[in-house]
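A.B. asks: Would you mind keeping the following structure in view while I ask a few things?
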Amino acid sequence: YYPNGHHFKDKRPNIENRPGALWEIEGTFPGMEHYEALFRERYGVKADRALDLASSEPVNINVFPNLHILGNHVQVTQPISYNETDTTWYGTAVVDDDGELSGAVDDINTIRMRTQEAFPNFGEVDDLANFEQIQAGLAAEEDEWVYMHRGLGIKDRITEEDGVFTAPATDEVFMREYMKVYKNLMTSTPNIAITREV
């Protein structure tokens, strides 16, 4: 976690550093075995590297307040009103300007699109349903009950002098810090005056 609400979660250190390792942990999707067999037939020893390029990177980057780079896709959330948010999802593609991939880029991007369909079609739909239920719960006129204490006092968290937190991937510090920055912005007196140095 970085100050000002930004967050970077990198799960790559837990993955072997070799061609094919990313593809091996890729979630399954219909036709996956066919695509892999086709790649191995067409690209031989280069197939593992090409399949890795089609895989989702195990990295999450959140740029406060609303840009999310999640694996190999990008999300932008846009608040519409106090109880409505628009989320736009963008797929990403591999570009091979120097021809290093020997013409495999179209095949890579075909599989890449399939991997990008996987989580948005299942995980994000589930997430959105959860977000809607959370919004309904937050509208309840009861005592505050939101629980965000998991990982408080975690022993493996390191706080650097510049305010950067380093912690295990299971730590929820980024959610708390994100909300802390958001709350601070929402409760501060805005300084919207135009100023100019002379």
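The values are calculated or read from the model by the stated rules, or taken from the named source; none is laboratory data. This one's a predicted model, so the numbers in the text were calculated from it and none came from an experiment. We place every Cβ from the backbone using ideal geometry, glycine too, and count neighbours over all the protein chains shown.
A.B. asks: Could you tell me whether LEU101 is in a loop (DSSP other than H, G, I, E, B), more than 13 Å from the chain's Cα centre (by Cα) and among the hydrophobic types (A, V, I, L, M, F, W, C)?
C.D. replies: yes
A.B. asks: Report, by residue number, each residue of the stretch 57-94 that is closer than 19 Å to LYS11 by Cα, of a type in the set (Val, Ile, Thr) and either free of Cβ contacts under 8 Å to residues at least 40 places away in the same chain or out of contact with any Asp or Glu (no Cβ under 8 Å at 6 or more places or on another chain) (or both).
C.D. replies: Those that are closer than 19 Å to LYS11 by Cα, of a type in the set (Val, Ile, Thr) and either free of Cβ contacts under 8 Å to residues at least 40 places away in the same chain or out of contact with any Asp or Glu (no Cβ under 8 Å at 6 or more places or on another chain) (or both): ILE61, VAL63, ILE69, VAL74.
A.B. asks: Considering only the stretch 7-53, how many residues are touching a strand residue (DSSP E or B) at 6+ places or on another chain (Cβ under 6 Å) and of a type outside the set (D, E, K, R)?
C.D. replies: 2
A.B. asks: Condition (residue is at pLDDT 90 or above and either of a type in the set (Lys, Arg) or within 30 Å of TYR182 (Cα to Cα) (or both)) applied to the stretch 110-127: is it met by at least one residue?
C.D. replies: Scanning the stretch 110-127 turns up no residue that is at pLDDT 90 or above and either of a type in the set (Lys, Arg) or within 30 Å of TYR182 (Cα to Cα) (or both).
A.B. asks: While we're on this one: Which residue, of GLU117, GLU132, is free of Cβ contacts under 8 Å to residues at least 40 places away in the same chain, charged (D, E, K, R) and under 21 Å from ASN62 (Cα atoms)?
C.D. replies: GLU132
A.B. asks: Given the condition at pLDDT below 80, surrounded by 10 or more Cβ atoms within 10 Å (Cβ to Cβ) and either of a type outside the set (Gly, Ala, Ser) or on the phi < 0 side of the Ramachandran plot (or both), answer yes or no: does some residue in the stretch 142-151 qualify?
C.D. replies: Scanning the stretch 142-151, I find at least one residue that is at pLDDT below 80, surrounded by 10 or more Cβ atoms within 10 Å (Cβ to Cβ) and either of a type outside the set (Gly, Ala, Ser) or on the phi < 0 side of the Ramachandran plot (or both), so the answer is yes.
Here is a yes/no grid of residues against (1) touching an Asp or Glu at 6+ places or on another chain (Cβ under 8 Å); (2) farther than 19 Å from GLY123 by Cβ; (3) outside any helix (DSSP H, G or I):
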position: PHE8; (1), (2), (3): no, yes, yes
position: PRO19; (1), (2), (3): yes, yes, yes
position: GLU41; (1), (2), (3): no, yes, no
position: LYS46; (1), (2), (3): no, yes, no
position: LEU53; (1), (2), (3): no, yes, no
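A.B. asks: Which of (1) in contact with a helix residue (DSSP H, G or I) (Cβ under 8 Å, 6 or more places away or on another chain); (2) assigned to a strand (DSSP E or B) is the odd one out, the single condition PRO65 does not satisfy?
C.D. replies: (2) is the only condition that PRO65 fails.
A.B. asks: Is one or more of the residues making up the stretch 40-47 within 25 Å of GLY99 (Cα to Cα), without any contact (Cβ under 8 Å) to a residue 40 or more places away in the chain and either aliphatic (A, V, I, L, M) or in contact with a Phe, Trp or Tyr (Cβ under 9 Å, 6 or more places away or on another chain) (or both)?
C.D. replies: Taking every residue of the stretch 40-47 in turn, at least one turns out to be within 25 Å of GLY99 (Cα to Cα), without any contact (Cβ under 8 Å) to a residue 40 or more places away in the chain and either aliphatic (A, V, I, L, M) or in contact with a Phe, Trp or Tyr (Cβ under 9 Å, 6 or more places away or on another chain) (or both).
A.B. asks: On to the next question. What tally of residues in the stretch 30-61 results from selecting those that are surrounded by 15 or more Cβ atoms within 10 Å (Cβ to Cβ) and more than 19 Å from the chain's Cα centre (by Cα)?
C.D. replies: Total satisfying the criteria: 13.
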